[in-house]
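What follows is a short report on a single structure.
The values are calculated or read from the model by the stated rules, or taken from the named source; none is laboratory data. Given the structure is predicted, the values throughout are model-derived calculations rather than measurements. Note that we place each Cβ from the backbone using ideal geometry, even for glycine, and neighbour counts take in every protein chain shown. The area values use the complete protein model at the heavy-atom level, side chains included, leaving out ligands, DNA and RNA. Shrake-Rupley method; radii C 1.70, N 1.55, O 1.52, S 1.80 Å.
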Amino acid sequence: METTKKIFISAGETSGDMHGSNLIREIHKKNPSIKFYGLGRDKMVEAGMQCIHDMSSRSVMWLQALKKIPGLWNIFKDCTRFFDEERPELVILIDYVGFNLYLAKAAKKRNIPVMYYISPQLWAHGSWRIKKIKKFVDRMVVIYPFEEAFYTNGGVSAKYVGHPLFDELNKREIDEVLVEKMKAGEEKTIVSLLPGSRKQEIRRLLPILLETATVIHEKVPSATFLLSCGNTRNLELIEDITKRYTSSNNKRLSIEIVKEKISEVIKASSLCICNSGTVTLEIANYQIPMIACYRVSPFEYFVSKPHIDTPYICLVNAIAEKEIVPEKTMYRDDHKWLASNATELLLNEEKRETCIAGLKEITSIIGTPGASAKAADEALGMI
C-alpha cells in the first residue's frame, strides 16, 4: 500500500498566502491524496493545509526583522522538528526570503527536495544571495520572464511559469454596480490612493499621499479621492492617520475609505497612486495610469543604495525594462513630485495614452492565467 505523500509549504505574507492557496488547490486537482502542512494564513488553511503556525502577524520588513527574531526562531524549530518526524517529500517556499532561506538550508541538510516558488527579488537588491539559493534550493519556479535567465546564469535550475496574480484576477468577480457607483458619471475624476498592506508601509506613505491629494485637488478641482484599505485589520490605522491629517491641516478633502474592494477601486479610477509592490500589476491589468512610490528612512535608503541592482523599483517598469509609469523611492516626503506627475497624467491626454499603451504591452507579456497549474506540475515532478 502506497504511503500518503506530504508537502511542507511556507508563506509569510498575505500575497504568499493567496498564491500558496491556489497552488495547493491545483496540486490537489492533479493528486487529491497529497497532504499539506506548513506556515501560512487563512486562505492556505481553507485550501487544505494543516497549519503548524499562523503567520498573520509575522510580516517582516527591513530592520523590523530584528524585533521578530525570538518568535521566528521558535517557529523555525517547530518546522525542523516536523522535517525530522514527518519527512515530507517536498518543501515549497513562497517569497519571504529572510526566513525561508533558513528553512531551505534545514531541508537540504535532511536531503528533502526544495522548490522555491515566487522568487525573492534578488535581481533587484540581493544578487549576492544567489549563492545561497544555488546551495540550498533544487528548483526555482519563477513568475517574471527575466528571472529564469537570471537564475540559470547563476547556475540554479529555474522555470518560468507566469504570475499567479493573473489566475486570481481571472476568477475574481468584479462588483460592476459598485464600480459605477464610485464613478458616478463620466465627468468625475477619481484618484485612488493605495498605501500598501503592511502597517509600516501605511504609516510611512499615507501622510504623503494625503498631502499629495490636497495639492492635486487645488490643481484639478473636479478630483475626488478613494483610499483603499485592502486588509480590514489596517482600517483603524488608516482612519486615524486620515482624521489626524484633515483636522491638523484644516483640510476639507473629499476622501472615501473603501474596505477590501481593491479591484473595484482600481477599475473606477482615473489614476492610481500606489506603493510599488504587486498592486502595480493589478493596476496594469485594468490599464489604469499610475504612479508608483516607496518610502524608506534616510538610513535605509543610503545603506541599501549600493546593493540595488536594478534601475526600477516598480514591477511594471522592471518587466518592460523602461519607464512606463513614473516611480520614485523616497527618503523624504516628496509630495510635490507625486502631485506634479499626477496632474500631468490627469490633464495631459498624450501622456495618459502613452502610459495606457505601455500597460497594455506589459499585460500581453505577463497577463495570461495558468501559472498556478504550471507550478503544480513542477512540484509534482519533484516528488
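A few notes on this one:
- Normalised per residue, the volume of the convex hull around the Cα set of the chain (Å³): 136
- Protection proxy ranking, peptides 158-164, 176-182, average beta carbon neighbours within 10 Å, highest first: 158-164, 176-182
- Ellipticity estimate at 222 nm from DSSP helix runs (n ≥ 4, -39,500 (n - 2.57)) divided over the chain, nearest 500: -15500 deg cm²/dmol
- Measure of compaction for the range 140-185 (Cα Rg per 2.2 N^0.38 Å): 1.91
- The 1.4 Å probe gives accessible areas that order 4, 329, largest first, as 4, 329.
- Eligible lysines near residue 336 by straight Cα distance, threshold 20 Å, same-chain separation 8 or greater: 219, 251, 328, 351
- Residues of type lysines that residue 181 reaches as a straight line, Cα spacing below 23 Å, ignoring anything fewer than 8 places off in the same chain: 171, 259, 261, 267
- Two-site FRET efficiency, residue 111 against residue 74, from Cβ-Cβ distance with R₀ of 25 Å, rounded to 0.05: 0.50
- Accessible area expressed per residue, the range 245-383, with surrounding protein chains retained (probe 1.4 Å, Å²): 46
- Three-way shape call for the range 276-382 based on the alpha-carbon gyration tensor, with the a/c threshold at 1.5: oblate
- Protein accessible area in the chain, 1.4 Å probe - carbon and sulfur %: 49
- Expected-Rg normalisation [2.2 N^0.38 Å, Cα atoms] applied to the range 232-294: 1.24
- Euclidean distance of C-alpha centroids, the range 317-347 and the range 238-287, integer Å: 16
- Total charge dipole magnitude, the chain, about the Cα centre, Cβ charges on Lys, Arg, Asp, Glu only, Debye to nearest 20: 1400
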